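Each remark here refers to the structure printed beneath this line.
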Number of protein chains: 4
Amino acid sequence: MSDQNPVFIPGPTNIPERLLSAMHVQTRDHRAPDFVSTFAPVLEGTKKVFGSTNGKIITFPASGTGGWEASVTNTLSPGDTVLVARYGMFSHRWIDLCQRHGLDVQIIECAWGSGAPAEKFEAVLSADKDHKIKAVLVTHNETATGVRSDIAGVRKAMDAASHPAMLFVDCVSSLASMEFRFDGWGVDIAVSGSQKGFMLATGMAILCVSPKALDAMATATLPRTFFDFRDMMAANASGGFPYTPPLQLIYGMGESLKMLFEEGLENVYARHFRLAEGVRRAVQAWGLKLVAQSPELYSDTVSAIYVPEGFDSNALTEHAFDAYGVSFGIGLGEMNGKAFRIGHLGSLTDVMVLSGLATIEMAMADLDYPVQLGSGVTAAQEYFRSTHATAAKAAA
Amino acid sequence: MSDQNPVFIPGPTNIPERLLSAMHVQTRDHRAPDFVSTFAPVLEGTKKVFGSTNGKIITFPASGTGGWEASVTNTLSPGDTVLVARYGMFSHRWIDLCQRHGLDVQIIECAWGSGAPAEKFEAVLSADKDHKIKAVLVTHNETATGVRSDIAGVRKAMDAASHPAMLFVDCVSSLASMEFRFDGWGVDIAVSGSQKGFMLATGMAILCVSPKALDAMATATLPRTFFDFRDMMAANASGGFPYTPPLQLIYGMGESLKMLFEEGLENVYARHFRLAEGVRRAVQAWGLKLVAQSPELYSDTVSAIYVPEGFDSNALTEHAFDAYGVSFGIGLGEMNGKAFRIGHLGSLTDVMVLSGLATIEMAMADLDYPVQLGSGVTAAQEYFRSTHATAAKAAA
Amino acid sequence: MSDQNPVFIPGPTNIPERLLSAMHVQTRDHRAPDFVSTFAPVLEGTKKVFGSTNGKIITFPASGTGGWEASVTNTLSPGDTVLVARYGMFSHRWIDLCQRHGLDVQIIECAWGSGAPAEKFEAVLSADKDHKIKAVLVTHNETATGVRSDIAGVRKAMDAASHPAMLFVDCVSSLASMEFRFDGWGVDIAVSGSQKGFMLATGMAILCVSPKALDAMATATLPRTFFDFRDMMAANASGGFPYTPPLQLIYGMGESLKMLFEEGLENVYARHFRLAEGVRRAVQAWGLKLVAQSPELYSDTVSAIYVPEGFDSNALTEHAFDAYGVSFGIGLGEMNGKAFRIGHLGSLTDVMVLSGLATIEMAMADLDYPVQLGSGVTAAQEYFRSTHATAAKAAA
Amino acid sequence: MSDQNPVFIPGPTNIPERLLSAMHVQTRDHRAPDFVSTFAPVLEGTKKVFGSTNGKIITFPASGTGGWEASVTNTLSPGDTVLVARYGMFSHRWIDLCQRHGLDVQIIECAWGSGAPAEKFEAVLSADKDHKIKAVLVTHNETATGVRSDIAGVRKAMDAASHPAMLFVDCVSSLASMEFRFDGWGVDIAVSGSQKGFMLATGMAILCVSPKALDAMATATLPRTFFDFRDMMAANASGGFPYTPPLQLIYGMGESLKMLFEEGLENVYARHFRLAEGVRRAVQAWGLKLVAQSPELYSDTVSAIYVPEGFDSNALTEHAFDAYGVSFGIGLGEMNGKAFRIGHLGSLTDVMVLSGLATIEMAMADLDYPVQLGSGVTAAQEYFRSTHATAAKAAA
């Protein structure tokens, strides 16, 4: 029966029945005239979720990693310089991808638990008088540490330095769960996926691309075919796809967008904040510490939590799975063994969150953590109670 | 999102994805030769769940109420006497059905919260020298009060009185969740349904019928057609159905039986006991009282819980639904307003149960119940922790 | 792979993916306030399909046979007289049901292949000066013979005889496929099911009941509980059900009604006529004969077709199933061995019908029928071609 | 209703209900210990379908195009020479991909409708004394022309030239439908996808890679990250994935393999031959010509058919879709306007094929093709009849 428990990993997320059914569709001819009537509204709706009117939505049947690859191969050339700060596993991996593709990656090393260092970006960009830096790459929500970076701040720093570099943002684990303002923040490429805030199966990389980034394609010489923006845009223009489209996910996206708009994006963000805050109250009650260094960095989709000195976070997540059949996120990279993660995004309610908190508490007690059984749940209950009126309204 | 929360009503129960998919099947020709190869094993497997080797399994596309009706119309005649004790809503309704069908119902009134009164049965049956009483009707698990009656005890009483009456048992909300011994307890007709322990959609009445009850058909003159045992058995014998069969539920039953046997019936019963005991620990921690009068009567599938004097249980369940999107059972009949019910049967884990307890606690706190927030959850956590080793084994 | 072929039985019918998904829903609390918002529109929409504004829709978790039983037990008393014509298997079974329930059934025997004998009804009713006949029972579409009876004609006969008997109509295999006018024809109870024109799983009996029939409940003494109209109406009035409702079928009905109204009832009827006519052209091309005696009796949902002298229709349907994996209807009752049936109702297109015709042709050729391979398909193609403009419009 | 018709495009193919349900699964934690128990057997089973024991199965959440890209970026370096024959749209596209990735593509132009020119390959390879050619790329089944090439012949040519080049084969539209012998033919990389013979949703590129091709990774300098074999193999080795895996497709593959093995690969191939031969008999009866130049080139998964001089194949497929709601493949590239295609692969029966033939016949008649209505269907019926005994056995 344990497969009936929700997962508390930071994606892929629990899939609502409604979306499973939306993806449960028979093959249709993607070359038939009516495919466009399904696909076009999906592109339009997705743009709204990115907070853009000028951007171009481009999707690939791939994971978010594929989206990263598409962002650089379509706009950059071998030897181009990009600026990235490393403060977690996913910023690390994007750096690695750039290096493998022959880019010159200028790395600012930051402590895990911190966010994008706007001031340091400004300093580096100001010093780059020749504008060798072609793009700044930022992970909006660092899934490994539960840190949300201030993209508006990064944009401000770039503007202060009067630097023409493009701004690429990984919003895989934030889009459709936390506010994103593609146009407002001056983002040039934002990369997301189907399996987090959109609550779908894994398999679709979802990008929003600015006119400036589209212009960059003209000179970009990194090789690409599967991930080529031009092929995709040309085919999309007539309602088609350059190769077989992931039909089931496209139908799923259509229904996911309906769900998000029915709830209202503002309400979706408010719900995620509320669930996250409930988890944070529990962490405080346990006497544990978040990896995220300060409240303005707290992510509303995932919390990374240090285990006390002398404990192994891997043993904790393994035990929670073995004894109670519930999955939590393990500590990744530097955090391996030191922190575990609670994913609280997508199709989730306060009631479901409480079951996750209750479970990890039992697991901690089983392993003799200095944590009082029930304390975290009670703290979260108290918080959820005090806010349920809002929640009830939002869910309506 | 609140439709993602589990329900805590005592049926219909949460349907596991695996069973939803098993029922998601296209039409097949039920007159085609291969229908029998699907249907026959379902009948065989169901018999095992009843704990019978000699009984005959008979199913109808109906609810449990239809099963009750079938039990009396196939075996009794207008004016026949039956003996029933009333100790809850479901025993009450069966009595009502008998009366509407022109039976002479000899009723033993019992307090709600008590179980089948074996001693009183024995007294009445001993006094019935002419054997006018044709059947004793017992509700195994009274869903309105959370009381499990001792069917073995009833059988013993009947034997002690050397009375030839048939024994009919309603096990709608106990079968496939708590032990049932059709042969061992000398049951003549047991009535259940698809939507409780079998974790399926509503729509199939499931009966097990003894040879003695089958013999009674010969003289029974109550009219029946849709619920006629003979038509059904004759058609079933050649793998057919006297009318269009509920194909989707038959496939669902096949998969449900697989799930039950994979977990092992003993483990299924142990899981239900464990979940129920967790709930009972919470009730105790809250300082509340179960409707069931004594521990040997405690049901492992549903707990009916008195609210404190001066509170309205309907306001509580309504508030839990409105504020948190979780359904609990209301108080039925005499218990309306006085007690609420937590269903803990079917596709359910300790983790899910904790979310239910956490929710009703919040609701009670919201309504100023003299209950300490977190107390029930903590008590259940403590119990589940202490027993998880067993549980983990059972779930494997 | 043969389970991917459509079925050509006259119900249960092929279920469109959309309806399978609509029934693929998790348990909800049927006592929760929002159940009514789902259920009430289903009752309203269903009434439209019956062509009624004054009727009351009553559903039971049962098959059509249960609907028949409900129609008589709620309105009649033991010994009451009903008038029925027997002209096929389903009129025969309804007669049998009435007899088992102690009614005095006045039977008019008709040839199988004929329809309801309005003139004979008029004669009998005119002769019944004492108005002993309480109800006239008519099978609208006799599934065994492929005959549609003229209900308006029966009503006219009843009116001509100035007889106050109620008019009960079995429209299980016609509703939502052929025009039905409950109010227009003065029907008192019409009985249908979920698994034919509604294209759903089996499991819901669907009735429409006139005010006059509702009044008859007051004096009706046949016993009923599961099928009691009053219990159902009382519960429905507050959005509830007297026992656990078949939630999945109720959601399915909601979506089925959407599909029917999106296509438009007139277009649904036109499509069924067109598919039926294609089949009839094929039958003519084969040189075979329909069981239905004359064109005005031809059913648009099922065609019963005589096999040539010396051939066994059972061997034909068995061979079609074994060799090609396609199910056709066998000959029932008097027609067993003499006729086979092609069901052409529900979720079906001309393209699918052609595959059925092609299959039965192959089967006939295999068994040395004096039928020219391809002749029926070609005749149907010719007809479908000449009408596709209309069809394309209707399907849009 | 027209969405109930099967599609006759050469992929994505009709998805059997069983596989739709297999993909209808809730999120599980892919980092949890039990993911490996699901994934490992999928890799093993897939290897059998490729006809390999020494190959390594590598999958990506992508389409077949992604598989092509992976094959070259993991084994080759910019400037490397590859040898390819162009004889259709898909060989053309692979060439284009190679060129975009900076390879030196030596192209042998062939007539569309011909297959891989083994003799010409031998000549070129024999002349390449310096072994500059690193790989020979062959499209096994050219979906645009309905041509199956002789891979064994290509291998023989390579061996005759004693050339060490690797052999890459695109088997996207042949694998799991027509025999493939990875080991037997000395293939180094074979590229397929989930949406053709495996009858699943689009979204998984499936490759089989020889030890020799794996060795080539060491020196290959084309950039790759998303499609990197090493990352994938390293993660797979411990049951994991380098990024979020397409869980639903992995479950789907598990069930697809079960279906294929239950039917038996030999029977699957025989069924495809039989369906294809039925189509070819129809084409002959119509007096039309296949694009494939000679019988040994005939594909068993798709037939490309020339329309008569003066007709436009696009008008034909559009009309078939508009008037009858059935999708056929359009003519691609050189064949656009000149030929249409009937896909006959995956989840398909003779009965379904007949409906496709009947439909395109009606469409041709509507557009005044010099084709006799019914002729093709009859020819196919005759063929299917004469072979059904075998088919029945295979389907059992």
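The values are calculated or read from the model by the stated rules, or taken from the named source; none is laboratory data. None of the values given here were measured: they were computed from a predicted structure. So basically every Cβ, Gly included, is an ideal-geometry build from the backbone, and we count neighbours across all protein chains shown. Areas reflect the complete protein model, heavy atoms only, side chains present, ligands, DNA and RNA absent. Shrake-Rupley method; radii C 1.70, N 1.55, O 1.52, S 1.80 Å.
Tabulated data
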| item | result |
| --- | --- |
| Verdict on C:Q372 being farther than 25 Å from B:R31 by Cβ and not in a helix (DSSP H, G or I) | yes |
| Total residues in region D:247-278, condition among the small types (G, A, S), buried (at least 21 other Cβ atoms within 10 Å of the Cβ) and closer than 11 Å to D:L19 by Cβ | 2 |
| Conditions (1) in a loop (DSSP other than H, G, I, E, B); (2) of a type in the set (A, V, I, L, M, F, W, C); (3) more than 10 Å from every other protein chain (Cβ to nearest Cβ): number failed by C:F340 | (1) |
| Residue match in region A:36-54 (condition: touching a Lys or Arg at 6+ places or on another chain (Cβ under 7 Å), more than 11 Å from chain D (Cβ to nearest Cβ), part of a loop (DSSP other than H, G, I, E, B) and under 29 Å from D:E69 (Cα atoms)) | no |
| Condition check for D:T225: among the β-branched types (V, I, T), over 24 Å from the mean Cα position of the chain (by Cα), facing another protein chain (nearest Cβ under 9 Å) and closer than 19 Å to D:S194 by Cβ | no |
| Of residues in region B:15-34 being touching a residue at least 40 places away in the same chain (Cβ under 8 Å) and open to solvent by less than 10 Å² (accessible area, probe 1.4 Å), the one nearest to the chain's Cα centre (by Cα) | B:I15 |
| Segments classed as strands (runs of 3 or more DSSP E), wholly inside region D:150-228, with at least 2 members that are at pLDDT 95 or above and among the β-branched types (V, I, T) | D:189-193, D:205-209 |
| Selection count, region D:156-179, where residues are within 19 Å of the chain's Cα centre (by Cα) and open to solvent by 10 Å² or more (accessible area, probe 1.4 Å) | 2 |
| Qualifying residues in region A:67-115 (those that are over 20 Å from A:I151 (Cβ atoms) and among the small types (G, A, S)) - the one surrounded by the fewest Cβ atoms within 10 Å (Cβ to Cβ) | A:G79 |
| Options C:D366, C:D322; residue that is within 11 Å of chain D (Cβ to nearest Cβ), of a type in the set (D, E) and closer than 30 Å to C:L19 by Cα | C:D322 |
| Filtered residues of region B:351-369 (kept if open to solvent by 10 Å² or more (accessible area, probe 1.4 Å) and either of a type in the set (A, V, I, L, M) or in contact (Cβ under 8 Å) with a residue 12 or more places away in the chain (or both)) | B:M352, B:A365, B:D366, B:L367, B:Y369 |
| Options C:K129, C:K120: the member that is touching a residue at least 12 places away in the same chain (Cβ under 8 Å), open to solvent by 10 Å² or more (accessible area, probe 1.4 Å) and away from every other protein chain (no Cβ under 14 Å) | C:K120 |
| Residues that are out of contact with any Phe, Trp or Tyr (no Cβ under 6 Å at 6 or more places or on another chain) and surrounded by 24 or more Cβ atoms within 10 Å (Cβ to Cβ), drawn from region D:332-348 | D:M335, D:R341, D:H344, D:L345, D:G346, D:L348 |
| Test: residue in region A:84-93 that is away from chain D (no Cβ under 14 Å), farther than 26 Å from A:R341 by Cα and in contact with a strand residue (DSSP E or B) (Cβ under 6 Å, 6 or more places away or on another chain) | no |
| Some residue of region C:179-200 being farther than 25 Å from C:A292 by Cβ, within 14 Å of chain B (Cβ to nearest Cβ) and of a type outside the set (S, T, Y) | yes |
| Residue among B:A144, B:A85 that alone is touching a Gly at 6+ places or on another chain (Cβ under 9 Å) and assigned to a strand (DSSP E or B) | B:A85 |
| Meets criteria (within 17 Å of C:A190 (Cα to Cα) and more than 10 Å from chain B (Cβ to nearest Cβ)) for C:T65 | no |
| Residues being more than 7 Å from chain C (Cβ to nearest Cβ), out of contact with any helix residue (DSSP H, G or I) (no Cβ under 9 Å at 6 or more places or on another chain) and aliphatic (A, V, I, L, M) - total across region B:5-20 | 0 |
| Given (1) open to solvent by less than 10 Å² (accessible area, probe 1.4 Å); (2) free of Cβ contacts under 8 Å to residues at least 40 places away in the same chain, number of the condition A:E309 does not satisfy | (1) |
| Residue among B:Q284, B:Q293 that is outside any loop (DSSP other than H, G, I, E, B) and surrounded by fewer than 19 Cβ atoms within 10 Å (Cβ to Cβ) | B:Q284 |
| Among residues of region C:153-182, those that are closer than 29 Å to D:M1 by Cα and acidic (D, E), counted | 2 |
| Filtered residue count, region A:35-48, keeping only those that are open to solvent by 20 Å² or more (accessible area, probe 1.4 Å) and over 22 Å from the mean Cα position of the chain (by Cα) | 5 |
| First in region A:376-396 and more than 7 Å from chain B (Cβ to nearest Cβ) and at pLDDT 60 or above, second anywhere and in a helix (DSSP H, G or I) and open to solvent by 60 Å² or more (accessible area, probe 1.4 Å), Cβ under 9 Å, 6 or more apart | A:G376/A:R281; A:G376/A:Q284; A:A379/A:R281; A:A379/A:Q284; A:A380/A:R281; A:Y383/A:R281 |
| Qualifying residue in region D:343-358 (condition: part of a helix (DSSP H, G or I) and within 14 Å of chain A (Cβ to nearest Cβ)) | yes |
| Residue match in region B:204-212 (condition: within 28 Å of B:A135 (Cα to Cα), away from chain C (no Cβ under 14 Å) and open to solvent by 20 Å² or more (accessible area, probe 1.4 Å)) | yes |
| Number of the condition not met by A:V302 [criteria: (1) modelled with pLDDT under 95; (2) under 25 Å from A:K338 (Cα atoms); (3) not basic (K, R)] | (1) |
